[in-house]
Amino acid sequence: MSANNTFFIKVGQDKYTIYAVVTVSGCGINVYIGGGEKPHIGTVAISQPRLSLKGDGNISCTTSVFNLLGHKDDYIAVPVAEDLCKKTNQTVVVSAGVHIENAAQEDIEKIKMLAEELNKKIAEKLSYS
């Protein structure tokens with residue numbers, strides 16, 4: 001994947017639709033994940049690559065998270081940021097906001113599964129599956 005490339009990926013349907021806008025720069029990846037009934041920015045996660053503390057030579061990451069008041073979109077942003085960071089060895093910023101009015105636990109679980117699917121598609125597009 002070349003630098004300064006932007007692409008769009010969508011999964012799900014109806015109120016369970018989530019999407020990502022991904023921009024690859026020369027030294028990092030920026031991802032916006034939105035969807036549900038009211039896309040917004042609820043969480044920002046920044047993952048920076050580093051060598052694993054296990055000393056095994058693997059890439060790990062350190063992640064900082066900022067949740068806007070009353071938002072819990074980190075359950076979407078953090079796994080995507082960390083997975084892409086480890087796979088690409090680049091800094092990854094993910095801002096996320098998926099809202100379903102009066103979401104039940106089953107709605108949240110469905111969005112989590114869709115976020116995993118979205119992450120796999122992003123990694124495939126970046127050629128890191």
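Relative to the longest principal axis of the Cα atoms of the chain, the long axis of helix 74-88 lies at roughly 30 degrees. Taking every DSSP bridge with both residues inside segment 5-125, close to 75 percent are antiparallel. For G42, the residues whose modelled amide H falls within less than 5 Å of its own, excluding neighbours fewer than 5 places apart on the same chain, are A96, G97. For segment 5-125, the alpha-carbon coordinates run over 44, 28, 21 Å along the three principal axes, in decreasing order.
Full extension of the chain between N89 and N30 yields a length gain of 19.9 nm, computed as 0.36 nm times the residue separation minus the alpha carbon distance. Largest GNM mean-square fluctuation among G97, G55, G28, using the chain with Cα springs under 10 Å: G55.
Candidates V44, Q90, P79 compared by Cα position along the dipole of the chain: farthest toward the positive end lies Q90, with charges placed on Cβ. Taken about its Cα centre, segment 5-125 carries a charge dipole of about 400 debye when Lys and Arg each add +1 at the Cβ and Asp and Glu each add -1 at the Cβ. Lys/Arg Cβ at +1, Asp/Glu Cβ at -1, dipole of the chain taken about the Cα centre: which of Y32, G55, H99 is farthest positive-ward? Projecting each Cα onto the dipole axis, the largest value belongs to G55. In the chain, the DSSP-assigned H stretches of four residues or longer account for a calculated mean residue ellipticity at 222 nm of -9500 deg cm²/dmol, using -39500 (n - 2.57) per stretch and the full residue count as denominator. In the chain, the longest principal axis of the Cα atoms and the axis of helix 105-125 are about 40 degrees apart.
Read-outs throughout are calculated quantities, based only on the coordinates presented, and are distinct from any laboratory measurement. Note that this is a predicted model, so its numbers are computed, not measured. Methodologically, a virtual Cβ is constructed for each residue, glycine included, from the backbone with ideal geometry; neighbour enumeration extends over all protein chains shown.
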